[in-house]
Amino acid sequence: MKNIQKIKGTQDILPDISAKWQYIEKTVRTIMRRYGYNEIRTPMFEVTDLFARGIGQLTDIVSKEMYTFLDRSKKSITLRPEGTAPVMRAYLENNLGEARPVQKLYYISPMFRQENPQAGRLRQFHQFGVECIGPQAPEADVETIMVGLDIYRELGLKNFTVKINSVGDAESRIAYKAQLQEFLKPSFAQLCPTCQQRYETNPMRILDCKNEACNALIMDAPRILDALTSDARAHFDKVLALLDQNEVTYEIDHRLVRGLDYYTYTAYEFIGGSLGAQNALGGGGRYDLLAEEIGAKKQTCAVGFAAGIERLIMAMESENLFPELQAGVDVFIATFGGATQDAGFKLAHDLRKQNISTLTELMGRSLKAQMREANRSGARFALILGEDELRTRRASLKNLANSDQKEVDLNQIAEEIKSQLQSNQAR
Ligand code: HAM
């Protein structure tokens with residue numbers, strides 16, 4: 001049989017890389033707590049309708065990227081391509097708004113989109129994200145931006161920018177779409193085939209088309225900020241004022257529209273400077289109409305963002321930001337088979353009970369091979385347990401970093417390791 005390999009666009013996160021993931025996840029959780037966000041975990045798959053209606057039929061995600069299939073009962077199921085619609089569904093289904101008028105929820109989860117894989121674009125990728133459900137106030141928009149910024153700052157990331165725009169309310173958008181269509185009408189034939197389709201259905205998406213011809217055509221297009229209703233304008237002005245007051249540097253990007261249909265008012269992105277074509281580290285905005293779209297009886301305001309973890313790792317690697325992530329065990333016990341192996345196994349059990357991470361030999365290898373294994377495992381100490389050591393109840397504990405050796409009573413091993421580890425940390 002042919003070797004079975006992983007599916008295109010998926011990744012195995014191997015042990016040396018997973019330490020980086022844990023480091024990022026820990027920072028994310030620390031900052032979420034600082035802002036009073038609580039974790040929510042929703043299912044990996046949902047009924048297809050949640051996304052088709054929630055994200056919008058015309059978005060690239062729904063029209064060509066979803067992993068949708070019929071289950072055995074012929075129900076249409078979709079692996080979640082993003083977290084916002086599921087979180088809103090869970091919020092509504094569990095009446096979370098009744099419990100607390102402001103719900104601040106966060107997630108760290110895998111998402112699935114059948115895109116063409118390339119650097120920074122995967123079919124299974126991971127996001128951390130927040131959804132602040134309830135408030136209409138611009139402070140909530142700004143707070144979500146600050147959560148993202150604090151996470152990047154805490155991780156040491158420097159090479160990125162915040163881009164922001166307003167996509168207005170429904171009324172602003174109707175007016176703006178008409179203006180944009182009017183402006184593009186004479187050059188319709190020069191638009192790329194995708195944008196020709198978008199012209200009727202979703203003309204605002206033409207603004208962020210990557211095609212050069214479309215790019216040139218929309219250089220002088222009317223700007224949505226000039227078409228905002230006074231209400232939408234006031235909201236945006238307050239967001240900008242709060243960003244200024246709180247020392248957040250940003251760029252207004254008139255062409256930022258985002259790829260999902262649910263946005264209203266504020267839209268923003270974190271753009272990585274070192275990432276190449278897929279340079280969006282994260283993005284989000286306000287989505288006051290999504291809840292009703294998926295069945296809420298009344299308007300439910302909300303704002304949030306999500307950020308890709310794979311792209312963050314790439315950005316952090318390019319800025320060399322990962323510290324030495326020590327994952328090695330405390331001690332490796334080398335033995336010589338027979339009684340020594342049993343004694344080593346029991347000693348490991350006793351040490352682990354005292355929270356000392358311990359490896360023992362499981363392959364019956366030579367001492368030399370075991371010492372090589374000890375070094376490979378990143379163990380800080382090695383303990384050699386032979387017949388003599390068992391008889392005298394003393395063994396030598398070798399510090400693998402500096403090769404210092406100390407003879408220790410077998411009953412004192414745990415104390416000795418703990419005290420050496422402590423004095424190492426103190427140094
Ligand atoms: P999004 O812009 O579709 O927004 O995705 C957010 C981030 O997820 C992107 O900026 C990128 O870092 C990462 N990402 C997206 N697709 C891929 C992929 N194929 N491979 C690797 N990384 C990817 C959302 O998902 C919204 N739910 C954000 C949001 C939350 N809006 C309001 N609340």
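The values are calculated or read from the model by the stated rules, or taken from the named source; none is laboratory data. The structure displayed is predicted, hence computed values, not measured ones. Methodologically, a virtual Cβ is constructed for each residue, glycine included, from the backbone with ideal geometry; neighbour enumeration extends over all protein chains shown. Side chains included, ligands, DNA and RNA excluded: accessible areas come from the protein's heavy atoms. Shrake-Rupley method; radii C 1.70, N 1.55, O 1.52, S 1.80 Å.
Brief remarks on what is shown
- Selection over region 211-259 of residues that are within 30 Å of the chain's Cα centre (by Cα), farther than 19 Å from GLY283 by Cα and assigned to a loop (DSSP other than H, G, I, E, B) gives a count of 3.
- Yes/no for GLY156 being assigned to a loop (DSSP other than H, G, I, E, B), closer than 28 Å to PRO203 by Cβ and out of contact with any His (no Cβ under 6 Å at 6 or more places or on another chain): no
- When residues of region 177-193 are limited to those that are in a helix (DSSP H, G or I) and surrounded by 15 or more Cβ atoms within 10 Å (Cβ to Cβ), the one nearest to the chain's Cα centre (by Cα): LYS177
- Test: ARG391 is touching a strand residue (DSSP E or B) at 6+ places or on another chain (Cβ under 8 Å), open to solvent by 50 Å² or more (accessible area, probe 1.4 Å) and assigned by TED's automatic domain parsing to the domain that holds GLY337: no
- Selection count, region 49-75, where residues are within 14 Å of the ligand (Cβ to nearest atom) and among the aromatic types (Phe, Trp, Tyr): 2
- Close contacts from region 195-217, counting a first residue that is outside the structural domain of ALA267 (by TED's automatic domain parsing) and surrounded by 15 or more Cβ atoms within 10 Å (Cβ to Cβ) and a second that is at pLDDT below 90 and among the aliphatic types (A, V, I, L, M), with Cβ to Cβ under 6 Å and a gap of 6+ residues or different chains, come to ASN202/LEU58.
- The residue of region 100-115 that is nearest to GLY284 (Cα to Cα), among those that are out of contact with any Pro (no Cβ under 9 Å at 6 or more places or on another chain) and surrounded by fewer than 16 Cβ atoms within 10 Å (Cβ to Cβ), is PRO110.
- Yes/no for PHE270 being under 16 Å from ILE164 (Cβ atoms), of a type outside the set (A, V, I, L, M), assigned to a strand (DSSP E or B) and open to solvent by less than 20 Å² (accessible area, probe 1.4 Å): yes
- Of the residues contained in region 55-64, none is found to be modelled with pLDDT of 95 or more and either surrounded by fewer than 16 Cβ atoms within 10 Å (Cβ to Cβ) or under 13 Å from PRO86 (Cβ atoms) (or both).
- Candidate set: region 76-99, residues that are open to solvent by 30 Å² or more (accessible area, probe 1.4 Å) and in a strand (DSSP E or B); chosen: the one nearest to the ligand (Cβ to nearest atom): LEU79
- Count of residues meeting criterion [without any contact (Cβ under 8 Å) to a residue 60 or more places away in the chain and either among the acidic types (Asp, Glu) or within 16 Å of the ligand (Cβ to nearest atom) (or both)] in region 296-334: 2
- Residues in region 1-30 that are aliphatic (A, V, I, L, M) and within 16 Å of the ligand (Cβ to nearest atom) were compared, and the one that is surrounded by the fewest Cβ atoms within 10 Å (Cβ to Cβ) is ILE7.
- Matching option when the condition is out of contact with any Gly (no Cβ under 9 Å at 6 or more places or on another chain), closer than 26 Å to TRP21 by Cα and either part of a helix (DSSP H, G or I) or aliphatic (A, V, I, L, M) (or both), among ASN375, ASN355, ASN411: ASN375
- Residue within region 46-54 that is assigned to a strand (DSSP E or B) and under 21 Å from the mean Cα position of the chain (by Cα) present: yes
- If you go through region 159-176 and pick out every residue that is in a helix (DSSP H, G or I) and among the hydrophobic types (A, V, I, L, M, F, W, C), you end up with 3.
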